[in-house]
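The values are calculated or read from the model by the stated rules, or taken from the named source; none is laboratory data. In this text the structure is predicted, and so the values were computed from the model without any measurement. Backbone-built Cβ (ideal geometry, glycine too); neighbour counts: all protein chains shown. Heads up: the accessible areas ignore ligands, DNA and RNA and are worked out on the full protein's heavy atoms, side chains in. Shrake-Rupley method; radii C 1.70, N 1.55, O 1.52, S 1.80 Å.
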Amino acid sequence: MSEELYRPGLEGIIAGETEVSTVEQDSLAYRGYRIEGLAEHASFEEVAYLLLEGELPTAPQLADFRKRLDQHRAIQPEIVETVRMIPKSVGGMDVLRTGVSMAGHFDVAKGDERPALVERAIHALAVVPSIIAARLRLLDGKEPIDPKPGLSHAAQFLYMAFGKAPSELEEKLLNLTLVLYAEHEFNASAFAARVCASTLSDLYSAMVTGIATLKGPLHGGANEEAMKLISRFKSGDEAKAWTEEGIKNKAKIMGFGHRVYKNGDHRARILEPLMADLARERNQQAKLDVYFAIKNTVFDRKQIHMNVDYPCGLTYYLMGLPIDIYTPLFVASRVSGWAAHYIEQYTNNRIIRPRSRYVGPALRDYISVSERG
Ligand code: CMC
């Protein structure tokens, strides 16, 4: 190699070009639209359309997109049976990985032109909430519920999971987290999905790659870990003492830090006030005290900001959702970003194949087994 460029974790390396989103210290934008505006006004369906098609939909385009999502929501009985057979102890992300892989066996489009890729993306988006809801109900000894056409993406999940229409507030909050989680440039799971796409593998395989990568606690798995941490403490003082000790011992505090953002995560700033309102409305001041005690201590001692997973964990908890589905709900949203990246890579492709720097033993000759000491 003539010029060798190496940074651990690929920090700061430009690994490709994208039109899907930009992540900067002072802004996050999906296809040029600032996250603040999308979070305030847009439905998740509008955002998913924007990511997949490049523009916000007109009213007829949005109605058609919603209809196509509804057409794909019902999952095949084979998928339900597969999910039923998975041991109860298996985590939600592992179940979802299997469920989406299985859904790929019921491909909804022919060929590899852009419209077929978009149709598969809509299918993947539609089935994820259905699989999460089916698993929740099966774990609870109940049968899955058929989707109800016409509900929003957020309301549809809550309906299928709990069998009743959600309150306006619950639908609004879930919609907001879906909008915030939808896309984030070359994060680990999107990059992994693009590597998969660059081999010209199929869209479902790339979604499974994304799920497998998002699962880890350094990535999407952090929203579950952050909530588990908050749940450990009864008071802010207890949480503060633990956090101080943890930082002294170089513990990683989940829901804090980010590879790109060094002055704070735009998404966390948007979500936090609504989460705090919800906590007060639900008389959960003690949880809020713990939340702020950890957050303030991490910042005072390490100057590290929270990322979106920190307020999101507590938001889902306050909505009464079980912890095991927090990262799967991240998937329910991020499928839109992964699919946009998949299509961008697949339709303008060069295989992603970097080099490594070899640091192993120098060249040596083979020694037969009998001669090895
Ligand atoms: N708790 C304690 N210390 C931390 C944390 C943390 N959460 N994050 C970073 N640091 C420290 C790190 O140990 C290092 O300290 P030192 O210089 O003393 O060794 C310093 O801050 C610089 O961090 P880094 O390790 O260079 O950061 P990175 O870019 O390699 O890793 C990260 C980024 C997000 C993986 C990391 O901050 C982390 O592990 N955070 C906890 C997991 C988490 O919340 N992940 C969610 C990421 S954002 C949304 C998503 O993808 O879901």
Q) Which of these, VAL47, VAL108, VAL127, has the largest mean-square fluctuation under a Gaussian network model of the chain (Cα springs below 10 Å)? A) VAL108
Q. What is the spin-label model distance, in nm, from SER89 to LYS164 if the labels are put 7 Å beyond Cα along the C-beta direction?
A. 3.4
Q: Determine how large the accessible area of ASP237 is when every protein chain is in place; take a 1.4 Å probe and give Å² rounded to the nearest 10.
A: 130
Q) With the chain treated as a Gaussian network of Cα nodes joined by springs under 10 Å, which of PRO144, PRO87, PRO361 yields the largest mean-square fluctuation? A) PRO361
Q.
Defining a contact as two alpha carbons under 8 Å apart and six or more residues distant in sequence, what relative contact order in percent does region 222-318 show?
A. 48
Q: Read phi for every residue in region 309-323 and hand back ³J(HN,Hα) as whole Hz from Karplus 6.51 cos²θ - 1.76 cosθ + 1.60, θ = phi - 60°, with x for Gly and Pro.
A: 5, 5, x, 5, x, 5, 4, 5, 4, 5, 7, x, 8, x, 4
Q. To the nearest 20 debye, what charge dipole does region 222-318 have about its Cα centre, counting +1 at the Cβ of each Lys and Arg and -1 at the Cβ of each Asp and Glu?
A. 280
Q. Please state the equivalent ellipsoid semi-axes for region 222-318: what are the square roots of 5 times the Cα gyration tensor eigenvalues, largest first, in whole Å?
A. 19, 17, 11
(Q) On the Cα set of region 291-357, report Rg and Dmax in Å, please. (A) 18.1, 48
Q | By accessible area with a 1.4 Å probe, ligands and nucleic acids excluded, highest first: order of GLU53, GLU281, GLU244, GLU183 | A | GLU281, GLU53, GLU244, GLU183
Q) From the backbone phi of region 360-369, what are the Karplus-calculated ³J(HN,Hα) couplings (6.51 cos²θ - 1.76 cosθ + 1.60, θ = phi - 60°) in whole Hz, Gly and Pro given as x? A) x, x, 5, 4, 8, 8, 5, 10, 5, 4
Q) Counting only protein chains, not ligands or nucleic acids, how are THR243, THR18 ordered by accessible area (probe 1.4 Å), most first? A) THR18, THR243
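Kirkwood-based Rg over Rh for region 188-271 (C-alpha set), two decimals?
1.11
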Q.
Quick check on the chain: helices-only [θ] at 222 nm, where DSSP H runs of length 4 and up contribute -39,500 (n - 2.57) each and the sum goes over total residues. Nearest 500, please.
A. -18500 deg cm²/dmol
Q) With all protein chains present, how much of the accessible area of the chain (probe radius 1.4 Å) comes from carbon and sulfur, to the nearest whole percent? A) 52
Q) So what is the orientation-averaged projected area of region 135-211, using the convex hull of its C-alpha atoms, in nm²? A) 6.7
(Q) Could you report the chain's accessible area per residue, 1.4 Å probe, as an integer in Å²? (A) 50
Q. Using θ = phi - 60° and the Karplus form 6.51 cos²θ - 1.76 cosθ + 1.60, what ³J(HN,Hα) does each residue of region 206-217 get, whole Hz, x for Gly and Pro?
A. 5, 5, 5, 4, x, 4, 4, 7, 5, 4, x, x
Q. Could you give the dipole magnitude of region 268-315 about its Cα centre, charging the beta-carbon of Lys and Arg +1 and that of Asp and Glu -1, in debye to the nearest 20?
A. 120
Q.
Under 5 Å between amide hydrogens, which residues at least 5 positions from PHE256 or on another chain qualify, with H placed 1.01 Å from N in the peptide plane?
A. ASN307
Q. Cα-Cα over 19 Å: which of LYS248/LYS295; LYS215/LYS295; LYS240/LYS302; LYS88/LYS172?
A. LYS215/LYS295; LYS88/LYS172
Q. Using r as the Cβ-Cβ distance of LYS302 and SER370, and R0 as 56 Å, what FRET efficiency do you calculate, to the nearest 0.05?
A. 0.50
Q. Once you treat every alpha carbon in region 82-149 as an equal point and sum by Debye, what is log10 I(q)/I(0) at q = 0.28 Å⁻¹?
A. -1.25
Q) Ignoring ligands and nucleic acids, what accessible area does PHE330 show with a 1.4 Å probe (Å², nearest 10)? A) 10
Q) Looking at region 328-373 from every direction and averaging, what is the projected area of its Cα convex hull in nm²? A) 7.9
Q | Around PRO77: net Lys/Arg minus Asp/Glu count, Cβ-Cβ under 14 Å | A | -3
**Q.** Kirkwood hydrodynamic radius of the chain, Cα pairs, Å
**A.** 21.8
Q: Obtain the nm distance between the two label points defined at HIS105 and ILE13 by a simple spin-label model: each point lies 7 Å from its Cα along the Cα-to-C-beta direction.
A: 3.7
